[in-house]
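Here's the structure we're looking at; comments come further down.
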Amino acid sequence: MGSKERQERDRQRIRKAILDAARDLFISEGYGKVSMRRIAERIEYSPAAIYSYFSGKDDIFFALAEEGFRVLAAFGSRARALTDPFERVRAGFWAFYEFAKAYPQYFELMFVDRSVPSLNREFKRLVFFQEMTGAV
């Protein structure tokens, strides 16, 4: 294993630590009350170090939302495969319910907390939009 692989592994580990800390803080304290400094304190890094991974708090939120929508899309894969429209809708709602039960932290962040940035404006720029909707 070369130093580049190790550096990339370290970078991914730190990125995950930032996202995990931010998710926990956003849920426990609310998105509006959390600062980059607070996230940095949680993982014992300087705020400047976090900015080398994310441009700001909104960028962290969108990364978390993308993770959450990917998980939600996996729950909905069975529903998308159904051909009967009624069964498809029913299975889609059931998948949404199961997602909310299994991943309450994502559900809270994505659908309950109204202080988070609007997904409407940024939603289409994210890669998962095409994956979830089948749009080209």
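Structure above, values below:
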| read-out | value |
| --- | --- |
| Residue check, Glu131 open to solvent by 60 Å² or more (accessible area, probe 1.4 Å), at pLDDT below 90, under 15 Å from Ala22 (Cα atoms) and of a type outside the set (A, V, I, L, M) | no |
| Of the criteria (1) over 26 Å from Asp113 (Cα atoms); (2) open to solvent by less than 50 Å² (accessible area, probe 1.4 Å), which one Pro47 fails | (1) |
| Hey, Ala100 in contact with a helix residue (DSSP H, G or I) (Cβ under 6 Å, 6 or more places away or on another chain), at pLDDT below 90 and either surrounded by fewer than 13 Cβ atoms within 10 Å (Cβ to Cβ) or outside any loop (DSSP other than H, G, I, E, B) (or both) or not | no |
| Odd one out for Ile14 among (1) at positive phi; (2) in contact (Cβ under 8 Å) with a residue 24 or more places away in the chain; (3) not aromatic (Phe, Trp, Tyr) | (1) |
| Residue in segment 79-89 that is closer than 21 Å to Ile27 by Cα and β-branched (Val, Ile, Thr) present | no |
| Close pairs from segment 57-74: first aromatic (Phe, Trp, Tyr), partner part of a helix (DSSP H, G or I), Cβ under 8 Å, at least 6 apart | Phe61/Ala22; Phe61/Phe26; Phe61/Tyr31; Phe61/Leu109; Phe62/Glu122; Phe69/Met110; Phe69/Phe128; Phe69/Met132 |
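The values are calculated or read from the model by the stated rules, or taken from the named source; none is laboratory data. Note that the coordinates shown come from a computational prediction; the quantities given were computed from them, not determined experimentally. Here the Cβ is made from the backbone with ideal geometry for all residues, glycine too, and neighbour counts use every protein chain on show. Only protein heavy atoms, including side chains, enter the accessible area calculation; ligands, DNA and RNA are left aside. Shrake-Rupley method; radii C 1.70, N 1.55, O 1.52, S 1.80 Å.
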